[in-house]
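Below: the structure, in structure tokens.
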Amino acid sequence: MNALVQTLPRVSLPRVYALESKHEFLRLLRSPSFAVPTLMFPPMFYLLFAVLFTSGRGDFQANIYLLATYGVFGVMAPGLFGFGVSVALDRERGWLTLKRAQPMPAGAYLASKLVMAMLFATIIFATLALIATTVGGVRVPVASWLALLIVDVLGVLPFCAIGLFVGTLVNGSGAPAVINLIYLPMSFLSGLWMPLTALPAAVRGFAPVWPAFHLGQLALAAVGQPSDGTPFGHIFALAAIAVFFLILARRRLARST
Amino acid sequence: MRGDGLDPSAQLRAVRKHYGPIAALDGVDLDVHAGELLALLGPNGAGKSTAISLLLGLSDPDSGQARLFGESPHVLDVRRRVGVMLQSAGMPDTSKVSELLAQTRSYYPDPLDTDECVATAGIADLLGRRYGKLSGGQQRRVQFALAISGRPQLLFLDEPTVGLDVESRQALWNAIRALVAGGCAVLLTTHYLEEAEALADRVAVLARGRIVAEGSVREIRARVAQRRIRCVSALTLEAISAWPDVRSICRDGDRFEIVTDSAETVVRQLLREDTRLSELEVQRAGLAEAFVEITQEAA
């Protein structure tokens with residue numbers, strides 16, 4: 001045995017990932033242009049259209065339907081904007097280059113943004129759930145709440161991939177505009193603001209193209225609302241979309257050295 | 001291939017790198033050793049940034065090798081011995097300085113104490129502030145703090161003192177000198193030639209993708225025979241400028257400034273022709289003059 005064996009200090013990877021994620025979350029929480037719409041719009045819309053001005057015709061349960069779909073509308077934002085805008089800014093301003101030069105573990109950059117997006121998704125779920133159970137009068141089984149939480153939190157992933165890809169294409173000032181052009185029309189065309197049955201047949205037929213449609217159907221199924229297709233089909237579509245955009249983004253990032 | 005103590009801290013070997021038809025680096029050899037500061041100088045577009053990005057593993061050479069401590073810069077364990085300050089590193093505006101520092105320190109196995117880091121970079125009053133609220137000079141100091149936070153054995157400083165006031169620049173120079181004295185290897189690029197003159201053990205001049213001069217500051221300066229003579233004299237501008245060894249001359253009232261390759265000859269003639277000549281001063285060309293001359297030759 002060598003008496004001089006010493007334990008060399010090592011980098012604690014969990015600590016790196018934890019700090020990176022915490023700071024990414026704080027960074028975006030402190031950006032009003034991101035945090036205010038992301039955290040305020042879903043509960044605001046829910047209060048307006050599911051609680052105050054609910055139509056309540058027939059068997060359409062606006063309070064439950066919109067809890068599911070505004071949740072999806074809400075969690076798309078941290079994925080699309082959180083990734084899209086911050087990646088575009090980091091690239092443009094040289095922060096990403098410095099991080100790649102520093103001995104940052106390769107996965108920490110994206111992992112921290114994923115955690116950030118999932119934290120925002122959790123907060124959005126919690127605020128909507130709070131409003132829904134209090135003034136919204138929603139009563140669904142605990143299993144449904146859990147299922148909806150899982151759908152919302154994991155549902156950010158495909159939108160993170162799309163946001164990441166957009167972030168590799170455009171600069172920081174152009175990113176919000178591009179993402180809004182994707183975000184708002186897709187939400188509408190996927191039946192997140194009103195049921196697809198209230199929309200023209202052409203829109204309905206085209207809906208399966210949008211990732212937001214698949215996530216919306218999963219969320220509706222989670223809270224026991226009528227939904228199209230099978231959970232497996234939706235999950236497969238969302239996973240395929242996530243992988244597709246992740247590959248595109250990786251190619252873009254590799255080329256922009 | 002494992003790195004041992006004998007490998008240079010940073011090394012480029014016969015490196016070529018093209019961007020399309022343009023050769024950014026065209027066969028460059030470069031070594032930086034422990035305990036020395038190498039200043040890499042060159043006009044804009046000479047290939048300095050490319051050299052740094054190859055050494056940091058941000059891009060790969062078309063041919064040749066970039067090595068840190070004898071290993072590929074892509075190896076994470078090797079980069080854990082390296083500190084980096086890049087020319088543009090716009091950190092998130094809403095992050096606090098303390099957060100940026102904690103994050104960067106976490107990448108390194110044996111980082112400097114926060115207090116030590118903060119004191120060396122002079123950012124004690126900035127820790128609680130958001131990065132976006134800082135002045136350009138304050139941001140530069142924060143970037144320096146991050147660069148040294150990992151107790152690096154090799155430090156890349158790309159234009160470190162741009163935007164700094166005189167006092168902060170001096171403080172930073174002292175910090176860099178202390179690091180080099182402690183055995184750290186430093187690769188510095190700068191547009192301020194007085195900075196290279198003040199800090200560099202060695203200078204390498206890059207022009208059009210090639211190293212066109214390399215040596216100590218004294219050696220580089222000696223490559224240029226030019227000297228500068230100042231004096232007060234009653235002689236006329238026309239008379240002096242007609243002398244064989246005078247390269248250029250300018251006059252401000254009765255004060256002359258003469259640039260020459262042969263100061264002794266010109267001084268002898270000055271004293272002979274104007275016995276009342278006063279305030280005579282002879283100065284060797286600075287690094288700035290040498291740099292201009294070397295890069296013009298290379299062009």
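Bear in mind these aren't lab numbers, they're just calculated from the coordinates by the rules spelled out. As the structure is a prediction and not an experimental result, all values here were calculated from the model. Glycine also receives a Cβ, built like all others from the backbone with ideal geometry; neighbour counts cover every protein chain displayed.
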- request: In whole angstrom, note down how far apart the Cα centers of the range B:103-136 and the range B:1-72 are.
  value: 28 Å
query: Zone of A:ARG10 (label point 7 Å along Cα→Cβ, backbone N under 16 Å): which residues in the range B:46-85?
result: B:76-78
- prompt: Spin-label point model (7 Å from Cα, Cβ direction): what's the B:VAL292 to A:LEU130 distance in nm?
  reply: 6.8 nm
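Given an 8 Å cut-off on Cα distances and at least 6 residues of separation, report the relative contact order of chain B as a percent. Don't skip to the answer; put the middle values down first.
Values: 590 pairs, mean separation 58.7, N = 299.
For chain B, the relative contact order is 20 percent.
Just to be sure I follow the definition: excluding the sites themselves, where is the longest run in chain B that has none of the trypsin sites (Lys or Arg not before Pro) in a DSSP loop with at most 11 other Cβ atoms within 10 Å?
After excluding every exposed loop site, the longest remaining stretch is B:3-275.
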- line: The answer for the net charge of residues other than A:SER112 whose Cβ lies under 13 angstrom from its Cβ, with Lys and Arg +1 and Asp and Glu -1, is +1
- line: Stretched fully, the stretch from B:ASN44 through B:ARG177 gains (0.36 nm per residue minus C-alpha distance, one decimal, in nm) 45.3 nm
statement: Scalar couplings 3J(HN,Hα) for the range B:151-156 by Karplus 6.51 cos²θ - 1.76 cosθ + 1.60 (θ = phi - 60°), nearest whole Hz, x for Gly and Pro, are 6, x, 9, 9, 10, 9
field: MRE, 222 nm, helices only [DSSP H, n ≥ 4, -39500 (n - 2.57), over chain A, to nearest 500]
entry: -23000 deg cm²/dmol
task: Calculate the dipole size of chain A relative to its Cα centre from +1 charges on Lys and Arg beta carbons and -1 charges on Asp and Glu beta carbons; express the result in debye to the nearest 20.
output: 780 debye
task: Return the ratio Rg/(2.2 N^0.38 Å) for the protein assembly as shown, where Rg is computed over Cα atoms only.
output: 1.30
- prompt: Can you give the FRET efficiency for B:ASP62 and A:ALA111, using 1/(1 + (r/R0)^6), R0 = 35 Å, r = Cβ-Cβ distance, to the nearest 0.05?
  reply: 0.60
query: Quick one: Cα convex hull volume of the range B:197-299, Å³ per residue?
result: 109 Å³
- line: With x for Gly and Pro, the residue-by-residue ³J(HN,Hα) of the range A:179-192, computed from phi through the Karplus equation 6.51 cos²θ - 1.76 cosθ + 1.60 at θ = phi - 60° and given in whole Hz, is 5, 4, 5, 7, 5, 5, x, 5, 4, 5, 6, 9, x, 7
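Only Cα pairs under 8 Å and at least 6 apart count here; give the relative contact order of the range A:15-255 as a rounded whole percent. Please report the intermediate quantities before stating the final value.
On the way: 319 pairs, mean separation 64.6, N = 241.
This gives 27 percent for the range A:15-255.
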- request: For an R0 of 41 angstrom, estimate the FRET efficiency from the Cβ-Cβ distance between A:VAL36 and A:LEU154 and round to the nearest 0.05.
  value: 0.95
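What's the magnitude of the charge dipole for the range B:178-295 around its Cα centre, counting Lys and Arg as +1 and Asp and Glu as -1 at the beta-carbon? Answer in Debye, nearest 20. Don't skip to the answer; put the middle values down first.
Values: 16 positive and 19 negative charges, 53 e Å.
Rounded to the nearest 20 debye, it is 260 debye.
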Rounded tilt (10° steps) of A:231-255 against the dominant C-alpha axis of chain A: 40 degrees
message: Ignoring trypsin sites (Lys or Arg not before Pro) that are buried or in helix or strand per DSSP, and keeping those with at most 16 other beta carbon atoms within 10 Å, what is the longest stretch of chain A between them?
response: A:140-257
- prompt: If we restrict to alpha carbons, what Rg and Dmax does chain B come to, in Å?
  reply: 22.9, 70
Two-site label geometry, B:ASP77 and B:ASP201: point separation in nm, points 7 Å out along Cα→Cβ: 2.6 nm
- prompt: Taking the Cα atoms only, what angle lies between the long axis of helix B:263-273 and the longest principal axis of chain B, rounded to 10 degrees?
  reply: 30 degrees
field: Choice from A:ALA132, A:ALA202, A:ALA121 with maximal GNM fluctuation in chain A (Cα, 10 Å cutoff)
entry: A:ALA202
message: What do you get for chymotrypsin sites (Phe, Trp or Tyr not before Pro) in the range B:137-193 restricted to DSSP loop and a cutoff of at most 13 other Cβ within 10 Å of the site's Cβ?
response: none
task: Could you line up B:THR50, A:THR122 from fewest to most neighbouring Cβ atoms inside 10 Å?
output: A:THR122, B:THR50
field: C-alpha long axis of helix A:108-133 to longest principal axis of chain A, angle in °
entry: 30 degrees
field: Charge dipole of the range B:10-221 about the Cα centre (unit charges at C-beta), most positive-ward option of B:ALA171, B:ILE123, B:PRO61
entry: B:PRO61
message: If I build a Gaussian network model for chain A, linking alpha-carbon pairs within less than 10 angstrom, which residue out of A:GLN225, A:GLN102, A:GLN61 has the largest mean-square fluctuation?
response: A:GLN102
task: Identify which of B:LEU38, B:LEU76, B:LEU154 has the largest mean-square fluctuation in a Gaussian network model of chain B, with springs joining Cα atoms closer than 10 Å.
output: B:LEU76
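In percent, what relative contact order does the range A:74-157 have, based on Cα pairs under 8 Å that are 6 or more apart in sequence?
Details: 44 pairs, mean separation 42.0, N = 84.
Relative contact order of the range A:74-157: 50 percent.
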message: Distances longer than 21 Å among the Cα atoms of the range A:87-162: what percent of all pairs is that?
response: 45 percent
message: Take B:ALA119 and B:ARG218, extend 7 Å from each Cα along the Cα→Cβ direction, and tell me the distance between the two endpoints in nm.
response: 3.5 nm
- request: Between A:ALA18 and B:SER88, take the C-beta separation as r, use R0 = 35 Å, and let me know the FRET efficiency to the nearest 0.05.
  value: 0.80
- request: Let me have the 222 nm mean residue ellipticity of chain B computed from DSSP H runs of 4+ only, each contributing -39500 (n - 2.57), with the sum over all residues rounded to the nearest 500.
  value: -9500 deg cm²/dmol
